[in-house]
Amino acid sequence: MVPEQSLSKFESTSLKMSTITGKTNLVGLLGQPVNHSLSPIMHNAAYKEMGLDWCYVAMPCDSKDLERVTKALRFLNFKGLNITIPHKQSVLKACNKLTEIANEIQAVNTLIPEKNNQWIGANTDVQGFLTPLKDHNLKNKNVVVIGCGGSARAVVMGLSSLDIKKLTIIGRNESTLNIFVKSTINLLSRRGISIESINYKKLNVSPYIEEADLIINTTPIGMNNINTKQENVPLGHEIWACLSNKTILYDLIYTPKPTKWLEIGHQKNCFTIDGLDMLVEQGAFSIRLWSGFHDVPNEIMKSSAEKHLMV
Ligand code: NAP
């Protein structure tokens with residue numbers, strides 16, 4: 001016998017969901033953790049609007065299981081997968097082919113089904129990152145990127161298409177900085193962009209901050225539920241005293257909204273961009289790759305994600 005209280009809870013939840021049948025196509029997200037992801041909210045809102053009988057689920061997956069899980073989901077006929085922290089580079093092993101962009105940056109956030117139960121690896125973070133910058137002219141500008149992990153690779157690939165003059169990568173770890181520069185230097189030099197890497201634990205980065213036209217935070221510092229009170233602003237609080245009001249601040253993080261770092265930007269009258277548009281646009285580009293439809297309801301994806309952030 002199901003207790004009355006839990007029955008009414010179950011009924012109210014099931015009423016909010018669209019009906020999943022034996023014909024429903026499955027798509028989803030693999031990462032660790034995924035329980036705070038907004039992707040199921042915004043994807044399912046998009047499918048409803050598009051009239052697609054599709055359902056998007058977030059699935060936690062340990063690194064040791066990634067290859068087996070991606071293989072199994074292909075056999076289960078999933079129509080597509082998104083890949084997030086910490087698997088964007090390790091998932092390359094599970095791909096039979098890579099798109100040009102994914103191959104260039106050696107990072108994958110989207111798997112597309114291929115014949116013979118294989119996957120094609122793609123990266124839609126690059127287009128997602130560029131969307132909120134489309135009205136800004138960054139030709140010959142100085143850009144600073146903080147952090148040199150998976151998303152920084154997509155950011156640098158995007159920046160390389162904007163004719164910027166100079167890129168400074170600021171990180172905390174000499175060896176990851178060196179690997180990052182080695183893997184991006186060819187791409188940047190082909191476009192005439194110079195690159196410098198700085199370890200902020202060893203060098204004063206104020207001169208780079210002062211002269212930057214655009215600064216992008218690609219670290220998780222400032223993200224809800226991962227940071228301590230002492231570390232909620234990239235590079236620490238003091239450094240931002242020298243920030244110019246002409247500098248654009250772009251934080252890849254979208255929760256909290258705004259982050260402490262973007263609050264500092266507001267106080268200095270800087271133009272600020274948070275990570276929500278990038279999240280929505282990378283998701284919209286994934287839907288285009290999976291469904292073949294060009295028209296994806298980005299605004300509905302964004303408003304459903306915003307509503308959820310406000311709860
Ligand atoms: P990642 O591959 O783990 O890279 C994180 C980078 O931040 C690494 O360079 C790491 O340095 C550095 N870092 C981490 N903690 C640090 C600390 N306490 N102090 C200094 N540096 C630190 O992660 P990712 O995939 O690039 O994601 C990074 C952030 O971007 C996450 O918050 C993620 O949610 C966000 N993101 C948003 C979107 C979007 O659509 N809006 C898309 C992708 C990512 P080391 O190399 O020294 O470890």
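The values are calculated or read from the model by the stated rules, or taken from the named source; none is laboratory data. For clarity, every value in this text was computed on a predicted model and none was experimentally measured. Note that each Cβ is placed from the backbone with ideal geometry, even for glycine, and that neighbours are counted across all protein chains shown. Please note that ligands, DNA and RNA were not included when accessible areas were found on the heavy atoms of the full protein model with its side chains. Shrake-Rupley method; radii C 1.70, N 1.55, O 1.52, S 1.80 Å.
Give the number of residues within region 79-93 that are open to solvent by 10 Å² or more (accessible area, probe 1.4 Å) and more than 12 Å from the ligand (Cβ to nearest atom).
Of the residues in region 79-93, 3 are open to solvent by 10 Å² or more (accessible area, probe 1.4 Å) and more than 12 Å from the ligand (Cβ to nearest atom).
Kindly list the number of the only condition in (1) within 10 Å of the ligand (Cβ to nearest atom); (2) farther than 19 Å from residue 215 by Cβ; (3) part of a strand (DSSP E or B) that fails for residue 112.
So the condition that residue 112 fails would be (1).
Residue 58 versus (1) open to solvent by less than 50 Å² (accessible area, probe 1.4 Å); (2) in contact with a strand residue (DSSP E or B) (Cβ under 9 Å, 6 or more places away or on another chain); (3) in a helix (DSSP H, G or I); (4) not polar (S, T, N, Q): which is the lone unmet condition?
(3) is the only condition that residue 58 fails.
Condition (residue is farther than 24 Å from residue 40 by Cα, in contact with a Cys (Cβ under 8 Å, 6 or more places away or on another chain) and open to solvent by less than 70 Å² (accessible area, probe 1.4 Å)) applied to region 248-262: is it met by at least one residue?
Within region 248-262 (the criterion being farther than 24 Å from residue 40 by Cα, in contact with a Cys (Cβ under 8 Å, 6 or more places away or on another chain) and open to solvent by less than 70 Å² (accessible area, probe 1.4 Å)), the answer is yes, since at least one residue qualifies.
If I go through region 271-311 residue by residue, how many of them are among the charged types (D, E, K, R) and assigned to a loop (DSSP other than H, G, I, E, B)?
First, pick out the residues of region 271-311 that are among the charged types (D, E, K, R): 274, 277, 281, 288, 295, 299, 302, 306-307.
In the following step, the residues that additionally are assigned to a loop (DSSP other than H, G, I, E, B) were identified as 274, 295.
Result for region 271-311: 2.
Out of (1) open to solvent by less than 30 Å² (accessible area, probe 1.4 Å); (2) near the ligand (Cβ under 10 Å from one of its atoms), what's the single condition that is false for residue 240?
Unmet condition: (2).
Taking interchain pairs and intrachain pairs at least six residues apart, which have beta carbon atoms under 6 angstrom, with the first residue in region 117-133 and open to solvent by 10 Å² or more (accessible area, probe 1.4 Å) and the second assigned to a helix (DSSP H, G or I) and aromatic (Phe, Trp, Tyr)?
Pairs that qualify, where the first residue is open to solvent by 10 Å² or more (accessible area, probe 1.4 Å) and the partner is assigned to a helix (DSSP H, G or I) and aromatic (Phe, Trp, Tyr), are 117/75; 127/285.
Please work out which residue is farthest from residue 158 (Cα to Cα), limiting yourself to region 245-291 and to residues that are in contact with a Gly (Cβ under 8 Å, 6 or more places away or on another chain), without any contact (Cβ under 8 Å) to a residue 40 or more places away in the chain and near the ligand (Cβ under 9 Å from one of its atoms).
Ranking the candidates gives 253 first.
Looking only at region 61-78, count how many residues are among the hydroxyl-bearing types (Ser, Thr, Tyr) and open to solvent by 20 Å² or more (accessible area, probe 1.4 Å). Break it down stepwise before answering.
Restricting attention to region 61-78, the residues satisfying the condition of being among the hydroxyl-bearing types (Ser, Thr, Tyr) are 63, 70.
This time we only want the ones that are open to solvent by 20 Å² or more (accessible area, probe 1.4 Å), so: 63.
The total comes to 1.
Rundown of residues vs (1) modelled with pLDDT under 95; (2) assigned to a strand (DSSP E or B), yes/no style:
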site	(1), (2)
102	no, no
130	no, no
140	no, no
144	no, yes
151	yes, no
156	no, no
184	yes, no
192	no, no
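Within region 94-104, count every residue that is more than 15 Å from the ligand (Cβ to nearest atom) and within 18 Å of residue 129 (Cα to Cα). So that I can check it myself, show each step before the final result.
Step one: filter region 94-104 for residues more than 15 Å from the ligand (Cβ to nearest atom), giving 94-100, 103-104.
Now restrict to residues that are within 18 Å of residue 129 (Cα to Cα): 99-100, 103-104.
Total meeting the criteria: 4.
In region 190-206, what residues are open to solvent by 30 Å² or more (accessible area, probe 1.4 Å) and more than 20 Å from residue 173 (Cα to Cα)? Full working, then the answer.
We begin by selecting, within region 190-206, every residue open to solvent by 30 Å² or more (accessible area, probe 1.4 Å); these are 190-192, 194-197, 200-204.
Once the filter is applied, which keeps residues that are open to solvent by 30 Å² or more (accessible area, probe 1.4 Å) and more than 20 Å from residue 173 (Cα to Cα), region 190-206 yields 190, 191, 192, 194.
List every residue pair whose Cβ atoms lie under 6 Å apart, where the two residues are 6 or more positions apart in sequence or sit on different chains, the first residue falls within region 61-83 and is in the same structural domain as residue 37 (by TED's automatic domain parsing) and small (Gly, Ala, Ser), and the second residue, located anywhere, is surrounded by 11 or more Cβ atoms within 10 Å (Cβ to Cβ) and part of a helix (DSSP H, G or I).
What qualifies is 80/290.
When you scan region 13-32, do you find a residue that is in a helix (DSSP H, G or I) and under 22 Å from the mean Cα position of the chain (by Cα), even just one? Let's see the steps before the verdict.
Here is the first cut: in region 13-32, the residues in a helix (DSSP H, G or I) are 13-16.
Now restrict to residues that are under 22 Å from the mean Cα position of the chain (by Cα): none.
The answer is no; no qualifying residue exists.
Across region 142-164, what is the number of residues that are more than 9 Å from the ligand (Cβ to nearest atom), in contact with a Lys or Arg (Cβ under 6 Å, 6 or more places away or on another chain) and open to solvent by 10 Å² or more (accessible area, probe 1.4 Å)? Quick ask: steps written out before the conclusion?
Just the residues of region 142-164 that are more than 9 Å from the ligand (Cβ to nearest atom), to begin with: 142-145, 156-164.
Going one step further and asking which of them are in contact with a Lys or Arg (Cβ under 6 Å, 6 or more places away or on another chain), we end up with 142, 160, 163-164.
This time we only want the ones that are open to solvent by 10 Å² or more (accessible area, probe 1.4 Å), so: 142, 163.
Result for region 142-164: 2.
So, in region 191-227, of the ones that are more than 14 Å from the ligand (Cβ to nearest atom) and touching a helix residue (DSSP H, G or I) at 6+ places or on another chain (Cβ under 6 Å), which residue ends up nearest to residue 177 (Cα to Cα)? Don't jump to the end; show me each part of the working.
At the first step, the residues of region 191-227 found to be more than 14 Å from the ligand (Cβ to nearest atom) are 191-196, 203-204, 206-215.
If we keep only those that are touching a helix residue (DSSP H, G or I) at 6+ places or on another chain (Cβ under 6 Å) too, we end up with 195, 206, 209-210.
Working: 195: 11, 206: 19, 209: 18, 210: 21 Å.
Selected residue: 195.
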